[in-house]
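Below is one structure, written out as structure tokens; the observations come after it.
The values are calculated or read from the model by the stated rules, or taken from the named source; none is laboratory data. As the structure is a computational prediction, the values presented were derived from the model and not from experiment. Here the Cβ is made from the backbone with ideal geometry for all residues, glycine too, and neighbour counts use every protein chain on show.
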Amino acid sequence: MVDGPHWKDINLVLIPINIPHMHWYLVDLDLLTWKKPIEVEFIKAKHVPQQEKVEEGERGDCGVFVCMFMEMLASGVPVETSQSPIDTRFSYRNRMT
């Protein structure tokens, strides 16, 4: 078992989710204000248009932004950027290495 804070002492849970070749998402759960359980229903859909595959490459790197926003949320820093998305991505990548 890993030592760490007990769940009753946790206020914020951050869950990164990757849909391969599609997109990165960040789920932000604030356990202090979360009053109602989330209900998720899975519906099997037929003949639904599929999203086009996106290669992140030069157009953006959602994974880098997810890491950056996770760090900002966990640190209590306001989530905002004053740079262009490309400049933000490169400066944060440099900090990560």
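Before moving on, here are some points about what is shown:
- Of all residues in the range 18-32 being at pLDDT 80 or above and in a loop (DSSP other than H, G, I, E, B), the one that is surrounded by the most Cβ atoms within 10 Å (Cβ to Cβ): Leu31
- Pair list, Cβ < 9 Å and 6+ apart or interchain, from the range 74-97 residues that are of a type in the set (S, T, N, Q) to residues that are part of a loop (DSSP other than H, G, I, E, B): Thr88/Thr81; Thr88/Ser82; Ser91/Gln83
- In the range 19-33, the residues that are on the phi > 0 side of the Ramachandran plot form Cβ pairs under 9 Å with partners that are of a type in the set (D, E, K, R) and surrounded by fewer than 13 Cβ atoms within 10 Å (Cβ to Cβ), at six or more places apart or across chains, as follows: His21/Lys53; His21/Glu55.
- Yes/no for Ile38 being at pLDDT 80 or above and of a type in the set (A, V, I, L, M): no
- Looking only at the range 50-90, and only at residues there that are of a type in the set (S, T, N, Q) and exposed (fewer than 14 other Cβ atoms within 10 Å of the Cβ), the one that is modelled with the lowest pLDDT: Gln51
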